[in-house]
Amino acid sequence: MRFDVFSLLPETLRPYLNASILEKAAARGLIEVHLHNIRDYTHDRHHTTDDTPYGGGGGMVMKPEPVFEAVETVLGSPPPCPVILLTPQGRLFDQKIASELASHPQIALISGRYEGFDERIRQHLATDEISIGDYVLTGGELPALMVIDALSRLVPGVLGDPTGAEDDSHASGLLEYPHYTRPPEFRGWKVPEVLLSGDHAKVDAWRREQSLRRTLAKRPDMLAKAGLSEADKRLLEKIQNQINKE
Ligand code: ADE
């Protein structure tokens with residue numbers, strides 16, 4: 001999968017890209033990340049990328065010309081892939097959006113600085129807008145890295161274990177069950193007996209129940225959309241009744 005990031009601070013992404021699973025993925029040719037500095041596509045002496053807003057008010061606005069020129073020079077016009085603006089006004093990024101975007105062989109990400117983008121970038125260049133949460137950052141570089149990271153681990157081969165991404169919290173619509181590794185007892189805290197039993201059906205049933213319990217306790221909002229089986233629903237009812245009695 002190929003990512004093209006357009007930013008005023010593209011080098012801020014490099015250290016993370018070069019020091020993680022993503023570096024290995026790139027070395028193996030599974031992902032390609034191309035970083036582009038929007039400032040390289042200015043033509044005035046001061047390499048201006050922002051200007052004051054029409055109508056007055058505070059803050060600076062990202063000028064349209066360098067952003068359009070950067071994206072169109074690198075990708076052509078119109079670009080052959082989704083062009084995603086990182087902005088707190090975008091759709092809230094989640095695992096479903098990650099899967100949807102990971103189905104494309106290539107995406108472009110535009111990271112802003114300053115108060116905002118000239119609206120024409122949003123209307124005539126971007127094909128999608130993503131927010132990584134209901135808070136405002138100083139720029140879209142961290143959001144771009146988060147999107148690259150979440151999508152890359154869905155690219156076949158990037159994770160060592162081919163089923164690695166399937167059990168993830170959120171992939172199934174539920175939070176993930178608890179994990180344990182050796183030792184079987186640490187400071188007196190024991191690993192649940194069932195996990196040591198070697199009985200795979202029992203382990204699967206325990207994990208499913210734990211996923212349901214956790215999701216009910218921490219993220220009950222996810223249950224409505226989780227696509228639960230009839231058995232899950234019965235189990236959930238049982239858990240709910242137990243909790244009510246406690
Ligand atoms: N840029 C600034 N804040 C952001 C957010 N929450 N999501 C995406 N891009 C942003």
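The values are calculated or read from the model by the stated rules, or taken from the named source; none is laboratory data. Just so you know, these numbers come straight off a predicted model, no measurement behind them. A quick note on method: Cβ atoms are made from the backbone with ideal geometry, for glycine too, and the neighbour counts reach across all protein chains shown.
Modelled with pLDDT of 95 or more and either under 20 Å from Leu236 (Cα atoms) or touching a Pro at 6+ places or on another chain (Cβ under 7 Å) (or both): is that true of Glu193 in this structure?
Criteria not met by Glu193.
Evaluate region 58-66: report whether one residue or more is touching a residue at least 60 places away in the same chain (Cβ under 8 Å) and within 16 Å of the ligand (Cβ to nearest atom).
The answer is no, given that none of the residues of region 58-66 is touching a residue at least 60 places away in the same chain (Cβ under 8 Å) and within 16 Å of the ligand (Cβ to nearest atom).
With Ala201, Ala217 as the choices, which residue is farther than 22 Å from Ile243 by Cα and modelled with pLDDT of 95 or more?
Going through Ala201, Ala217 in turn, the sole match is Ala201.
Please tell me if Gly29 is loosely packed, with under 12 Cβ neighbours inside 10 Å and farther than 21 Å from Ser152 by Cβ.
Considered against the rule, which asks whether it is loosely packed, with under 12 Cβ neighbours inside 10 Å and farther than 21 Å from Ser152 by Cβ, Gly29 comes out as no.
Does Glu100 satisfy being in the same structural domain as Ala26 (by TED's automatic domain parsing), closer than 22 Å to Arg2 by Cβ and surrounded by fewer than 16 Cβ atoms within 10 Å (Cβ to Cβ)?
yes
Restricting region 113-162 to residues that are over 16 Å from the mean Cα position of the chain (by Cα) and among the hydroxyl-bearing types (Ser, Thr, Tyr), which is surrounded by the most Cβ atoms within 10 Å (Cβ to Cβ)?
It comes out as Tyr114.
Please list, ordered by first then second residue, the pairs with beta carbon atoms under 7 Å, 6 or more apart or interchain, first in region 160-177 and not assigned by TED's automatic domain parsing to the domain that holds Ala98 and of a type in the set (Phe, Trp, Tyr), second buried (at least 16 other Cβ atoms within 10 Å of the Cβ) and modelled with pLDDT of 90 or more.
Taking only residues 6 or more apart or on different chains, the pairs are Tyr177/Arg207; Tyr177/Gln210; Tyr177/Ser211.
List pairs: first residue in region 184-212 and within 23 Å of Leu174 (Cβ to Cβ), second residue among the polar types (S, T, N, Q) anywhere in the structure, Cβ distance under 8 angstrom, at least six positions apart or on different chains.
As it stands, the answer is Val203/Ser197; Ser211/Ser172, since those pairs meet every condition given.
Residue by residue through region 201-241, note down the ones that are among the basic types (Lys, Arg) and within 24 Å of Lys96 (Cβ to Cβ).
Once the filter is applied, which keeps residues that are among the basic types (Lys, Arg) and within 24 Å of Lys96 (Cβ to Cβ), region 201-241 yields Arg207, Arg208, Arg213, Arg214, Lys218, Arg219, Lys225, Lys233.
Among the residues of region 129-150, write down those that are more than 9 Å from the ligand (Cβ to nearest atom) and either out of contact with any Leu (no Cβ under 9 Å at 6 or more places or on another chain) or free of Cβ contacts under 8 Å to residues at least 60 places away in the same chain (or both).
Ala150, the sole residue that qualifies.
Among the residues of region 77-124, what is the count of those that are assigned to a loop (DSSP other than H, G, I, E, B), more than 22 Å from Ala150 (Cα to Cα), at pLDDT 95 or above and within 16 Å of the ligand (Cβ to nearest atom)?
1
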